[in-house]
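K.L.:
This is the structure I want to talk about, given as structure tokens.
The values are calculated or read from the model by the stated rules, or taken from the named source; none is laboratory data. It should be emphasised that the depicted structure is a prediction, and the values quoted were computed from it without experimental measurement. Reconstructed Cβ throughout: ideal geometry from the backbone, glycine too, with neighbour counts over all protein chains shown. Keep in mind that these areas ignore ligands, DNA and RNA; they rest on the heavy atoms of the full protein, side chains included. Shrake-Rupley method; radii C 1.70, N 1.55, O 1.52, S 1.80 Å.
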Amino acid sequence: MALDAYSPCPGGLDKKIKFCCSDLLSDLQKIDRMIEGEQFLACLKHIERIEGTHPDRACLLAYKTLLLRVTGDHEGARTAAARFVEKHPENVVAIAELSLATAAEEGGQAAMVVLARALELAAGRIHSRLYEAIWGVAGVLAMDGFVLAARMLALSLVSTRTEDPRPLELIMALNSSTDIAAVVKEDRTIRRPPEGVKWQAEFNEALERANRMQWQSAEQKMTALADQVQKEFPWIWWNISLLRSWLADTPGAIVAARRFASLDVPLEDAVEAEAFALLLGQDPLGDKLPIYDLEYPVSDADSLGEALASSPRVVRVPDAAERYAEEGQPPPKDVFILFDRPRPSPDEPLTLETVSRVIASALLYGRQTDREARLEVAEVSTSHLDAVRNLVREIGSDKLGAEVAKEGEEPISATREMLFPQWRLRDGSRAEDHRRLMSQHRERFLLEEWPRRPLGALDGKAPQDAGGDYTSHRRLLAVLLVLESWLEQPEPEFDINRLRSQLGYPVLDPVAPQDFPGGHVPLARLHRVATDRLNDEELLSTMQRATVFNVRRAMRRLAEEVVKRPSMAGREERLHGYELLVRLSPDTDQSLAHIDEARRAVESMGRSSAQWDIIELSIRLLRGDGPEISRLLTHLQREHMNEPGVAQSLENLLVQVGVLRPDGTLAIPIRPPAETAPSIVVPGQESGVEPGKLWTPDGESGGEKKLWVPGAG
């Protein structure tokens, strides 16, 4: 709406323009029109002229900081915002703009310190400029890893502008991220004390401030109460930890969580608080290994490239060079993957002793105008450093100059490195081979090797030696919970109870929502819910919560219960349970079995099973099951192609797997090399379509084009 004398002051003053800057009304209207017309630079010049006679007016400074920000002048925006705050220290718009400028220059944590002051002054009233600041800082916090602060800021915006989908999208992304442990992304709220405590009024005042996003003063008030009430209400330290995490005060949140864990609270609550503190830190288990980047001058890049490509311990990655090109610089000549041993031969058993493991990647650059040819070996962990150096020297011999080693910025946990090895299996291997090896590897590592490894989180003790007093007991159980969170994804599943038993601790028992306030089972325990103690609606709501937060083991257990209950027959939620099981099953044979069950269930409801045919097709394509791919394509063409959405879904799938381009044309080689016999040809011979031709969702056969799947031979 156009500005008039009764519009709110654009400078953030709690007045109408008539009562704060009526002498600038015509100029403000002109500024508003220029911004509407995206005449940003001209508008800045206009403001600067007005400032000569009206210096430090809030409305002009507000427009100026906005324009400098949207034109990308971050340094100018920071200077203008600092001036704005200096002249108007209680102005919410000024502080909000300074928080955005700080985010651009210093990152989310520094910006949150500034934004917290604006939130204190706003006391829950979020106008447009503060909304922008909250959203901008939330995005930077999320990128910087302060997920709890980012999520709480985004939550504050969801109900403010329901037409803006971005805050909810950010919340959903954070909640579903597999990189964030359940004990961290837990949807916790401030815990209340029993009614009638002597300090109820002081607590309620802090709670009201927290509800108005005045987290800074709420934290101060709760901290002032804590020593007095912690024996009666130890949860006050957990509340303080939450408030500090919402303020992106990670060190403070860690201290408060550990203070809570040290008090007289149930053991599992203490363990989860300790694990929360460990996971907020940069080195949860205290076993980080440095990562190195190695660089070697090269005298003959072509010769070195040939030597690398011919080594049985090196693989050239085709068509990858462009992905590594830096802006304004030519891409590398070649990209290579280095392994600890040659790939197993076809007649050699595929075991942990024979499988080859990735130890580094290498980029080979030719001579450039201002730089000699070079070999860059990236992100080499300490555990592989000697092997990489020996391999490079063995292959490069006299083609390489002196090594320059640089320590990387992000070390890696030795435990995580061992949990998630990267292997190169031999040709013809299936996903089941990888799963078998991974299961064997984790069994050996977690039950034999890991218990003997000293960890900084256990004050340098190995897990098998860390028993003793309550603190050591609690910390070791927290370490196991961290380990369990890392094993949440991907498969194969490892039962942490086996490791607990080996270390002398009792196994974790099933839990029920009825045992928790409001039936709110902590996310870290959701996979242990006793499903037989849930009625249908409780089961579905628990499965929904597990799905929202992507707690995969819980999703699978709950979905298994949903699909087997007779009372769920004919309900849409049962089909959702099958969808989860197809996605989360440990192998594709189980996924296909669930698809068959789902197909029968949906047909018993009198509905089309085309959706499940397409889901099965996606798995068959992944497995390379040629005859089944052919059968499914023919079946879909004959039985379902006239149903709404089926043709488009099929085309989308074929585009996703790379069979078709978005325009519907073939995206893979038309014919195999002469010496290669293709093993996957679609559609099926049963359809009457000439074998070898590709049917497309547009309804016509693909002419003379034959479909060859790379690697099929």
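K.L.:
What fraction of the Cα pairs in segment 402-470, stated in percent, has a spacing above 13 angstrom?
P.N.:
The share of Cα pairs beyond 13 Å in segment 402-470 comes to 75 percent.
K.L.:
Next question, about the same structure. Subtract the Cα-Cα distance of S310 and A431 from 0.36 nm times their separation in residues, and report this length gain in nm to one decimal.
P.N.:
Gain on stretching S310 to A431: 40.8 nm.
K.L.:
How much space per residue, in cubic angstrom, does the convex hull of the C-alpha atoms of segment 481-551 take up?
P.N.:
Cα-based convex hull of segment 481-551, divided per residue, equals 108 Å³.
K.L.:
Let me ask you something else. When the convex hull of the Cα atoms of segment 121-258 is projected onto a plane and the area is averaged over all directions, what value comes out in nm²?
P.N.:
That works out to 8.7 nm².
K.L.:
Still on this structure: Using a 1.4 Å probe on the protein chains only, how many percent of the accessible area of segment 360-500 belongs to carbon and sulfur?
P.N.:
43 percent
K.L.:
Could you rank the peptides 34-40, 409-415 by their average count of other C-beta atoms within 10 Å per residue, with the highest value first?
P.N.:
Ranking the peptides 34-40, 409-415 by packing returns 409-415, 34-40.
K.L.:
Run the numbers on the chain and let me know its relative contact order in percent, using alpha-carbon pairs under 8 Å that are six or more apart.
P.N.:
Reported as a whole number, the value is 7 percent.
K.L.:
Given R₀ = 41 Å, what would the calculated FRET efficiency be for Y324 paired with V70, taking r from the Cβ atoms and rounding to 0.05?
P.N.:
Step by step, r from the Cβ atoms, then E = 0.80.
K.L.:
Continuing with the same structure: Which distance in nm do the two modelled labels at T189 and Q39 give, with both placed 7 Å along the Cα-to-Cβ direction?
P.N.:
If labels sit at T189 and Q39, their model points lie 5.1 nm apart.
K.L.:
Quick check on packing: order 547-553, 565-571 by the mean number of other C-beta atoms within 10 Å, highest mean leading.
P.N.:
Top to bottom by mean Cβ count within 10 Å: 547-553, 565-571.
K.L.:
Straight-line reach only, C-alpha to C-alpha below 18 angstrom: list the aspartates and glutamates that K406 could link to, leaving out same-chain residues fewer than 8 apart.
P.N.:
Correct list for K406: D293, E295, E376, E379, D386.
K.L.:
Using a 1.4 Å probe on the protein heavy atoms, what percent of the accessible area of segment 64-203 belongs to carbon and sulfur?
P.N.:
Heavy-atom surface of segment 64-203 belonging to carbon and sulfur, 1.4 Å probe: 54 percent.
K.L.:
For labels at A173 and R49 in the simple 7 Å Cα→Cβ model, what's the distance in nm?
P.N.:
Output for this residue pair reads 4.2 nm.
K.L.:
For R571 and E268, what is the calculated FRET efficiency with R₀ set at 35 Å and r taken between the beta-carbons, to the nearest 0.05?
P.N.:
0.55
K.L.:
Here is a further query. Percent of Cα-Cα pairs more than 27 Å apart in segment 473-601, please.
P.N.:
23 percent
K.L.:
Moving on. Could you state the per residue volume, in Å³, of the convex hull enclosing the Cα atoms of segment 365-411?
P.N.:
So the per-residue hull volume is 90 Å³.
K.L.:
Determine which aspartates and glutamates satisfy two conditions relative to K185: a Cα distance under 19 Å, and not lying fewer than 8 residues away in the same chain.
P.N.:
D144, E169, D249, E268, D269, E272, E274, D283, E484, E488
K.L.:
A further question follows. Averaged across orientations, what area in nm² does the convex hull of the alpha carbons in segment 79-185 project?
P.N.:
6.6 nm²
K.L.:
Taking Cα pairs under 8 Å and at least six residues apart, what relative contact order does segment 86-162 come out at, in percent?
P.N.:
It rounds to 29 percent for segment 86-162.
K.L.:
Still on this structure, please answer the following. At 1.4 Å probe radius, can you tell me the per residue accessible area of the chain in Å²?
P.N.:
Result: 48 Å² of accessible area for each residue.
K.L.:
Which of the aspartates and glutamates could a cross-linker span from K198 if the Cα-Cα distance has to be under 18 Å and same-chain partners fewer than 8 positions apart are dropped?
P.N.:
Of all the aspartates and glutamates, those that pass the test against K198 - Cα under 18 Å, at least 8 places apart if same chain - are E208, D227, E232.
K.L.:
Return a single number: how many Lys pairs in segment 1-155, at a sequence separation of 8 or more or on separate chains, have alpha-carbon atoms below 22 angstrom apart.
P.N.:
14
K.L.:
Per q in 0.07, 0.09 Å⁻¹, report the Debye log10 I(q)/I(0) for the chain, using one uniform scatterer on each alpha carbon and no solvent.
P.N.:
Each listed q maps to, in turn, -0.70, -1.12.
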